[in-house]
Amino acid sequence: MTRTLLAATCAAALAAACGGSNGQSTPAADTAAEAAAEPAARAADGRPFAVEQVTRFDEPWAMTFLPDGRLLVTEKPGTMRLYDVARDTVGEIVGIPEVVHGGQGGLGDVVLHPDFEDNHLVYISYAEAGDDDTAGAAVARARLVLDGSGGGSLQDLEVIWRQVPKVTGRGHYAHRILFHDGMLWISSGDRQKFDPAQDMQSNLGKILRLNEDGSVPGDNPFADQGGVAAEVWSLGHRNPLGFLFDAEGRLWNHEMGPKGGDELNLVVRGENYGYPIVSNGDHYDGRPIPNHDTRPEFRAPVITWTPVISPSSFIIYDGGAFPEWSGSGLIGGLSSQSLVRIAFDGESAREAERFDMGTRIREVEQGPDGAVWLLEDGGRGASGNLLKLTPAGGG
Ligand SMILES: [Ca+2]
Ligand SMILES: [Ca+2]
């Protein structure tokens, strides 16, 4: 209840007034648990970090660090960049497939295979054209070949997964990708078509678990149904733009609610998260959607946000630069223009802090030195800057 009121206060206030005051309004339980680790250093604005504007991209969407410290950045119009942090130079990675750029779609996520240093495989997601103005997310893998002059190419690219069916519209692709325990995980949005999230003939509105080549593991929860149902780990999702495994191996996702009702979910094998049958938000046209507590057979979120935060991206922080954040989730916020810290405690979780960033945050990553890196969204007043957060006071 307290958290909701704080969020409401923040949304109603000018953006500049929110970050510091939210930090100071940390619930008592949080203060008690973390008092020992809390560093003294706070910048004048109340945030424990300094923000450096590093460089700028064209509608950036995702990034991942290479083992050598360079940064792969996707730009939604269909370009992949290689940013050399040490030299402050930007090159291009060619060989990106043609993408459908528009609405929420284009070139999407980029992640490295767990054995990247040996096999040089990268995985990308993007919006792919279909017939009759339809589109759908696709995931491809390719070998990254760097050319020694600051750029490179994707070679031997193969598409290993697609959203089924391709539909009209350009929203809710989600298409985040993640490796864990040798498995490839894909978050597939509902494409703003609602009912497919409950339809096992479709892989929209689902979280999926695949082998690294896109084939379906025989021990998936719906494997015996065959078809795309066999890909499904959990269903009833809306627009899940971030997911991660915590240190104990639990899978968490966040997703944008409709009008209200953004969610943080503990994602459990075979469970149904209820969209569009239930949501703590409602339809944009005002039609109500029954809340989660009316249908206990659907798994309820661990956190819901109204007003929304518009979560875009999710990492678990384990770096040394911000020891007080160790084990926390960090969520980038679009409409909330914020960085939201999530404290996990077993199967529960809560919003521990919210930092006002004054701009729409599209992507969050942890750098090799423990700094936190953010990509601003492009458009809607955000400029696509790459931001680096380091401890306030240089600590
Ligand atoms: Ca990333
Ligand atoms: Ca509702």
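The values are calculated or read from the model by the stated rules, or taken from the named source; none is laboratory data. In this text the structure is predicted, and so the values were computed from the model without any measurement. Quick reminder, even Gly has a Cβ in these numbers, built from the backbone with ideal geometry, and neighbours come from all protein chains shown. These area figures cover heavy atoms from the full protein model, side chains too; ligands, DNA and RNA do not enter into them. Shrake-Rupley method; radii C 1.70, N 1.55, O 1.52, S 1.80 Å.
Specify the residue that is farthest from ligand 1 (Cβ to nearest atom); the eligible residues are those in the stretch 44-58 that are crowded, with 21+ Cβ neighbours inside 10 Å and assigned to a loop (DSSP other than H, G, I, E, B). Looking at the filtered set, the residue picked out is 48. Annotation: residue 139 fulfils all but one of (1) open to solvent by less than 20 Å² (accessible area, probe 1.4 Å); (2) more than 16 Å from ligand 1 (Cβ to nearest atom); the unmet one is (2). With respect to the conditions (1) within 16 Å of ligand 1 (Cβ to nearest atom); (2) open to solvent by 10 Å² or more (accessible area, probe 1.4 Å), residue 242 lacks only one, and its number is (2).
With respect to (1) touching a Pro at 6+ places or on another chain (Cβ under 9 Å); (2) outside any strand (DSSP E or B), the lone exception for residue 133 is condition (1).
Can we say residue 74 is open to solvent by 50 Å² or more (accessible area, probe 1.4 Å) and either within 16 Å of ligand 2 (Cβ to nearest atom) or polar (S, T, N, Q) (or both)? Spelling it out, it is not the case that residue 74 is open to solvent by 50 Å² or more (accessible area, probe 1.4 Å) and either within 16 Å of ligand 2 (Cβ to nearest atom) or polar (S, T, N, Q) (or both).
If we keep just the residues of the stretch 84-128 that are hydroxyl-bearing (Ser, Thr, Tyr) and either surrounded by 17 or more Cβ atoms within 10 Å (Cβ to Cβ) or touching a Ser or Thr at 6+ places or on another chain (Cβ under 6 Å) (or both), which is nearest to residue 157 (Cα to Cα)? Walk me through it before giving the result.
Going residue by residue through the stretch 84-128, those that are hydroxyl-bearing (Ser, Thr, Tyr) are 89, 123, 125-126.
Next, from what is left, pick out any that are either surrounded by 17 or more Cβ atoms within 10 Å (Cβ to Cβ) or touching a Ser or Thr at 6+ places or on another chain (Cβ under 6 Å) (or both): 123, 125-126.
Values: 123: 9, 125: 12, 126: 13 Å.
If we take residues in the stretch 84-128 being hydroxyl-bearing (Ser, Thr, Tyr) and either surrounded by 17 or more Cβ atoms within 10 Å (Cβ to Cβ) or touching a Ser or Thr at 6+ places or on another chain (Cβ under 6 Å) (or both), then 123 is nearest to residue 157 (Cα to Cα).
Taking the stretch 290-313 as the range and being away from ligand 2 (no atom under 13 Å from the Cβ) and either farther than 20 Å from residue 343 by Cα or modelled with pLDDT under 95 (or both) as the test, the residues that pass are 296, 297, 299.
Kindly evaluate residue 301 against the criterion of being surrounded by fewer than 18 Cβ atoms within 10 Å (Cβ to Cβ) and under 23 Å from residue 245 (Cβ atoms). Let's see the steps before the verdict.
Numbers: surrounded by fewer than 18 Cβ atoms within 10 Å (Cβ to Cβ): no; under 23 Å from residue 245 (Cβ atoms): yes.
It is false that residue 301 is surrounded by fewer than 18 Cβ atoms within 10 Å (Cβ to Cβ) and under 23 Å from residue 245 (Cβ atoms).
Confirm whether residue 294 is in contact with a strand residue (DSSP E or B) (Cβ under 9 Å, 6 or more places away or on another chain), farther than 23 Å from residue 109 by Cα, among the hydroxyl-bearing types (Ser, Thr, Tyr) and open to solvent by 20 Å² or more (accessible area, probe 1.4 Å). Break it down stepwise before answering.
Numbers: in contact with a strand residue (DSSP E or B) (Cβ under 9 Å, 6 or more places away or on another chain): no; farther than 23 Å from residue 109 by Cα: yes; among the hydroxyl-bearing types (Ser, Thr, Tyr): yes; open to solvent by 20 Å² or more (accessible area, probe 1.4 Å): yes.
Taking the combined requirement at face value, the residue does not satisfy it.
Apart from one condition, residue 247 fits all of (1) of a type in the set (A, V, I, L, M, F, W, C); (2) more than 22 Å from residue 162 (Cα to Cα); (3) crowded, with 21+ Cβ neighbours inside 10 Å; the exception is (3). Screening the stretch 308-341 for residues that are open to solvent by less than 30 Å² (accessible area, probe 1.4 Å) and aliphatic (A, V, I, L, M) and picking the one that is nearest to ligand 1 (Cβ to nearest atom) gives 315.
Taking first residues from the stretch 256-285 that are touching a residue at least 12 places away in the same chain (Cβ under 8 Å) and partners that are open to solvent by 30 Å² or more (accessible area, probe 1.4 Å) and within 16 Å of ligand 1 (Cβ to nearest atom), no Cβ contact under 8 Å between residues at least 6 apart in sequence or on separate chains turns up.
Only residues that are more than 25 Å from residue 106 (Cα to Cα) and in contact with a Leu (Cβ under 8 Å, 6 or more places away or on another chain) were counted across the stretch 44-64, and they come to 4.
Considering only the stretch 373-389, I want to know if a residue exists there that is surrounded by 17 or more Cβ atoms within 10 Å (Cβ to Cβ), closer than 22 Å to residue 266 by Cβ and of a type in the set (Gly, Ala, Ser).
First, pick out the residues of the stretch 373-389 that are surrounded by 17 or more Cβ atoms within 10 Å (Cβ to Cβ): 373-378, 382, 384-389.
Now narrow it down to the ones that are closer than 22 Å to residue 266 by Cβ: none.
No, there is no match, as no residue in the stretch 373-389 is surrounded by 17 or more Cβ atoms within 10 Å (Cβ to Cβ), closer than 22 Å to residue 266 by Cβ and of a type in the set (Gly, Ala, Ser).
Exactly one residue out of 153, 202, 187 is polar (S, T, N, Q), part of a strand (DSSP E or B) and buried (at least 18 other Cβ atoms within 10 Å of the Cβ): that is 187.
Okay, residues lined up against (1) of a type in the set (Asp, Glu); (2) at pLDDT 95 or above; (3) within 24 Å of the chain's Cα centre (by Cα):
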| residue | (1), (2), (3) |
| --- | --- |
| 21 | no, no, no |
| 35 | no, no, no |
| 61 | no, yes, yes |
| 64 | no, yes, yes |
| 87 | no, yes, no |
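For residue 351, the criteria (1) surrounded by fewer than 22 Cβ atoms within 10 Å (Cβ to Cβ); (2) under 24 Å from residue 240 (Cβ atoms); (3) modelled with pLDDT of 95 or more hold in every case but one, which is (1). Does the stretch 276-288 contain at least one residue that is at pLDDT 95 or above, on the phi > 0 side of the Ramachandran plot and of a type outside the set (S, T, N, Q)? Checked the stretch 276-288: no residue is at pLDDT 95 or above, on the phi > 0 side of the Ramachandran plot and of a type outside the set (S, T, N, Q). Residues of the stretch 156-167 that are surrounded by 17 or more Cβ atoms within 10 Å (Cβ to Cβ) and either in contact with a helix residue (DSSP H, G or I) (Cβ under 7 Å, 6 or more places away or on another chain) or in a loop (DSSP other than H, G, I, E, B) (or both): 163, 165, 166. Of the residues making up the stretch 254-289, those that are away from ligand 2 (no atom under 16 Å from the Cβ) and not in a strand (DSSP E or B) are 268, 269, 270, 271.
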